[in-house]
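In what follows, a structure is listed as structure tokens, so that the remarks can point back to it.
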Amino acid sequence: MVDTASREETREFYLALYGLSEGVPSGWTGNTTSGEPGTTSAAFKEAVRNRVNFYRVLGGVPANISIQHHLLGQSPQAALMMSANNALAHSPPTS
């Protein structure tokens with residue numbers, strides 16, 4: 001936990017952890033032209049997990065999320081569609 005009322009403690013937390021999840025290449029293996037959703041690298045998934053946990057600490061909630069690969073389901077396909085359409089949507093077009 002971080003005492004967010006302490007500017008120095010928050011700054012030190014940021015300097016120690018934020019950069020660990022910065023600039024990690026996604027390693028995405030998909031292709032919008034062929035419709036292959038692909039995946040991202042393990043390093044990128046870990047960077048995302050670290051970043052989410054970083055913000056959870058600042059929000060005062062437990063920083064204990066983990067990646068549940070069996071729950072990913074259709075999220076890679078949804079991300080592919082949104083990337084191909086250049087738009088975020090809960091109801092993407094059927095085309």
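The values are calculated or read from the model by the stated rules, or taken from the named source; none is laboratory data. Please read all numbers here as calculations on a predicted model, not as lab measurements. Positions of Cβ are generated from backbone atoms using ideal geometry, with glycine treated the same way; all protein chains shown enter the neighbour counts.
Go over the candidates Ser66, Ser6 one by one and state the one that is under 16 Å from the mean Cα position of the chain (by Cα) and either surrounded by fewer than 13 Cβ atoms within 10 Å (Cβ to Cβ) or polar (S, T, N, Q) (or both).
On inspection, the qualifying residue turns out to be Ser66.
Among the numbered conditions (1) surrounded by fewer than 16 Cβ atoms within 10 Å (Cβ to Cβ); (2) of a type outside the set (S, T, N, Q); (3) at negative phi, tell me where Gly73 comes up short.
The one condition Gly73 does not meet is (3).
In the list Ala63, Ala47, Ala79, Ala43, which residue meets the criterion of being touching a Pro at 6+ places or on another chain (Cβ under 9 Å) and at pLDDT 90 or above?
Ala43
On the given criteria, is Gly27 in contact with a Gly (Cβ under 7 Å, 6 or more places away or on another chain) and of a type outside the set (Lys, Arg)?
no
Within region 1-52, how many residues are closer than 30 Å to Asn85 by Cα and of a type outside the set (Phe, Trp, Tyr)?
Here the count works out to 30.
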